[in-house]
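The values are calculated or read from the model by the stated rules, or taken from the named source; none is laboratory data. Just so it is clear, the model here is predicted, and its values are computed rather than measured. Note that each Cβ is placed from the backbone with ideal geometry, even for glycine, and that neighbours are counted across all protein chains shown. Surface areas here come from the heavy atoms of the whole protein model, side chains and all, with no ligands, DNA or RNA. Shrake-Rupley method; radii C 1.70, N 1.55, O 1.52, S 1.80 Å.
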Amino acid sequence: MHVVARRDGQLFPVVTIPGDHRSPIRAKRAGPNGNIVENNAIYVRKSGPRSETPTSGQDWDALLARCLAHRRDEMLDQARQDRQALHHAGMQSSEP
């Protein structure tokens, strides 16, 4: 997190969340006075420079689809690694 100042001197915190997480990012706690950031809320990127909690079925569908696709990719990668390890182990045991 870092703080940026507007021309009038008002300060705003900026939180940067890198991509490619295994699960959605949620706020640990609310912002000051419960404004802007909600306690335990999950946020998704919206058009423009903003993030909001999912508000529609379409928002949730898109979020869940991204999560499931990421997990599927992880599972396929693990299966490929396991297959290669088994193949490699079989090749070593068959050598004289």
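By the gyration tensor of its Cα atoms, with a ≥ b ≥ c the square roots of the eigenvalues, what is the shape of the chain: rounded for a/c under 1.5, prolate for a/b over b/c, or oblate?
On the way: a/c = 3.90, a/b = 2.58, b/c = 1.51.
Here the chain falls in the prolate category.
Tilt of helix 57-94 relative to the longest C-alpha principal axis of the chain, in degrees (0 to 90, nearest 10)? Result, in degrees: 30.
Around the amide H of residue 51, modelled in the peptide plane, lie the amide H atoms of 46, all under 5 Å away and 5 or more residues distant in sequence or on another chain. Taking Cα pairs under 8 Å and at least six residues apart, what relative contact order does the chain come out at, in percent? That works out to 14 percent. With contributions of -39500 (n - 2.57) from each DSSP H run of at least four residues, the per-residue ellipticity at 222 nm computed over the chain stands at -14500 deg cm²/dmol. Computed with a 1.4 Å probe over protein heavy atoms only, the accessible surface of the stretch 24-77 comes to 78 Å² per residue.
Rounded to the nearest 20 debye, the dipole magnitude of the chain is 400 debye, with +1 charges on Lys and Arg beta carbons, -1 on Asp and Glu beta carbons, and the Cα centre as origin.
Spacing of the modelled spin labels on residue 63 and residue 77, each 7 Å from Cα toward Cβ, amounts to 2.3 nm.
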